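Since the structure comes first, as structure tokens, the remarks are kept for the end.
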Amino acid sequence: MTAVITDEKIPNNVNLSGDRRLQRALEAWQPKFLEWWMQMGPEGFQADNIYLRTAISVETDGWAHFDYVKMPDYRWGIFLEPKVEGRTHHFGDFIGQPVWDEVPGEHRNMLRRLIVTQGDTEPASVEQQRLLGQTAPSLYDLRNLFQVNVEEGRHLWAMVYLLHTYFGRDGREEAEELLLRRSGDRDRPRILGAFNEPTSHWLSFFMFTMFTDRDGKYQLSALSESGFDPLGRTCRFMLTEEAHHMFVGETGVQRIVKRACELTKQDPNGDARALGGIDLPTIQKYLNLWYTLSLDLFGGEVSSNAADAFGAGLKGRHKEDRYADHTILDSFHTMDLLEDGKVITKDVPMRTALNEVLRAEYIKDCQRGVDRWNKTIKEEGMSFELVLPSPRFHRQIGMWSNACFTPTGEMISRDEWNARRGEWLPSDADEVYVKSLMHPVVEPGKMANWIAAPQKGINGLPGDFEYVRR
Ligand SMILES: [Fe+2]
Ligand SMILES: [Fe+2]
């Protein structure tokens, strides 16, 4: 039986009811999506009422509509920012020419790869987080987890809409594949590394939404500049939702940090663990892990793919308008490189350095969040400081992965790295300890011992609101 697709079921601003071809494609895909959601989505909560935000239009009052909903009944909509008439390519080789409303033949494969790579991350994170509901530290956090999950589901819809509408048969095949790969699966893994890592407890979840969702923000921002207009418009709307995911991550870690300080001060030996908390050095290790996994997502430091995507007008820079030169054919970027086992400084053609340029913007943004965590530590009267490690540390993609570096960026031997790894990254024992703290707290307004309460509730509601009704 195929579900009937209506504007009511799938809120949209893409004239779905007037597009028979798209309707048919989605009618075939939607049951498979739901099957995937039931199998790989949040386990154990599909029949519960969750206080969720649903986008029902792109107007300011329409994209954040709050109500109780059962997750399988969530209305995953398709929204693009409204078209701006007369828009032209504003970077790359086609600068000044009208943006494309159809897929440019010569760039079809590159465009499809960009869309599929982005699209693959969306269901992957839902898969990584599917068991977390069972150990949520509060109803507030449980609800936030599900909000992130349904919105990643909607982001998948957004990319599938592009594949179905603009890529014909191979687009439909890619849309099916997006539901067949599985995070962490040996035979059919998700495309990008960080999306195959286990997110087995809430400290990792908050670090993921802080650092890995933030990579998403920068990728979407670069794609929102695209000269393929439907992609640009789709990504601009997705960014409005992504902001909440990073809020969940940043404030989640901030609340753990606050509680770590409180417990450290309470314990006579200054040991937060003795009182069932997560200590600051352990938080630093998880920061090191998720930050570096996320740095990898930007790709190689010198990249011809990045240059090609920019030249073709498909992927720009974060806030492209802020730059003066939008063709960057004659400019260079000064950066550190690893050559013949030595770190050297070199000028590379700017277009090939664009992954690094985007990564640098991302790092600045991460630093702002870490500064806010350190402000909390200071307010608690402690002298500890959380730091972002060097971008050379613990890399698995790009040139830095060819050698070993300390968190401060010094090159060391592989033996030394292996010996000291546990100082810098979560050990098995750390993982066992953090997991041992994870027990569900389901009474409205109550928090697990290892995390402080949020400053305020969702949508102006009080902290003890019943965000999830079982
Ligand atoms: Fe997303
Ligand atoms: Fe996200």
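The values are calculated or read from the model by the stated rules, or taken from the named source; none is laboratory data. Please read all numbers here as calculations on a predicted model, not as lab measurements. In this analysis, Cβ positions are derived from the backbone assuming ideal geometry, glycine residues included, and neighbour counts consider all displayed protein chains. Side chains are part of the model used for accessible areas, which takes the heavy atoms of the whole protein and leaves out ligands, DNA and RNA. Shrake-Rupley method; radii C 1.70, N 1.55, O 1.52, S 1.80 Å.
Taken as a whole, the condition of being open to solvent by 10 Å² or more (accessible area, probe 1.4 Å) and either over 22 Å from residue 423 (Cα atoms) or more than 16 Å from ligand 2 (Cβ to nearest atom) (or both) applies to residue 268. Those residues that are open to solvent by 100 Å² or more (accessible area, probe 1.4 Å) and either under 30 Å from residue 133 (Cβ atoms) or not acidic (Asp, Glu) (or both), I need them from the range 403-431; list them, please. Within the range 403-431, 408, 414, 421, 428 meet the criteria. Within the range 230-254, can you find the residues that are open to solvent by less than 10 Å² (accessible area, probe 1.4 Å) and either within 13 Å of ligand 1 (Cβ to nearest atom) or not hydrophobic (A, V, I, L, M, F, W, C) (or both)? Selection gives 230, 232, 234, 235, 237, 238, 241, 242, 245, 248, 249, 252. Evaluated against (1) within 16 Å of ligand 2 (Cβ to nearest atom); (2) more than 20 Å from the chain's Cα centre (by Cα), residue 132 falls short on exactly one condition, (2). Only a single item in (1) within 16 Å of residue 123 (Cβ to Cβ); (2) buried (at least 24 other Cβ atoms within 10 Å of the Cβ) is not met by residue 189, and it is number (2).
Might you let me know whether the range 409-431 holds any residue that is in contact (Cβ under 8 Å) with a residue 40 or more places away in the chain, in contact with a strand residue (DSSP E or B) (Cβ under 9 Å, 6 or more places away or on another chain) and among the β-branched types (Val, Ile, Thr)? For the range 409-431, residues in contact (Cβ under 8 Å) with a residue 40 or more places away in the chain, in contact with a strand residue (DSSP E or B) (Cβ under 9 Å, 6 or more places away or on another chain) and among the β-branched types (Val, Ile, Thr): absent. Criterion applied to 175, 158 was being away from ligand 2 (no atom under 16 Å from the Cβ) and open to solvent by less than 10 Å² (accessible area, probe 1.4 Å), and the one residue passing it is 175. Considering 337, 358, the condition of being among the hydrophobic types (A, V, I, L, M, F, W, C) and either assigned to a loop (DSSP other than H, G, I, E, B) or more than 20 Å from the chain's Cα centre (by Cα) (or both) is satisfied by 337 alone. Annotation: of all residues in the range 26-63 being without any contact (Cβ under 8 Å) to a residue 12 or more places away in the chain and assigned to a loop (DSSP other than H, G, I, E, B), the one that is least open to solvent (accessible area, probe 1.4 Å) is 62.
Residues of the range 225-260 that are among the small types (Gly, Ala, Ser) and assigned to a helix (DSSP H, G or I): 232, 243, 249, 252, 260.
Give the residues of the range 376-421 that are in contact with a Leu (Cβ under 8 Å, 6 or more places away or on another chain) and among the aromatic types (Phe, Trp, Tyr), sorted by residue number. If the condition is that a residue be in contact with a Leu (Cβ under 8 Å, 6 or more places away or on another chain) and among the aromatic types (Phe, Trp, Tyr), then 384, 400 are the ones that fit.
Can you find even one residue in the range 136-148 that is within 16 Å of ligand 1 (Cβ to nearest atom), at pLDDT 95 or above and over 25 Å from residue 175 (Cα atoms)? Yes - at least one qualifying residue is present in the range 136-148. Name the single residue, out of those in the range 116-129 being open to solvent by 10 Å² or more (accessible area, probe 1.4 Å) and hydroxyl-bearing (Ser, Thr, Tyr), that is farthest from ligand 2 (Cβ to nearest atom). So, considering only residues that are open to solvent by 10 Å² or more (accessible area, probe 1.4 Å) and hydroxyl-bearing (Ser, Thr, Tyr), the one farthest from ligand 2 (Cβ to nearest atom) is 117. If you take the residues of the range 183-217 that are of a type in the set (Val, Ile, Thr) and within 15 Å of ligand 2 (Cβ to nearest atom), which of them is farthest from residue 364 (Cα to Cα)? Among them, the one singled out is 199.
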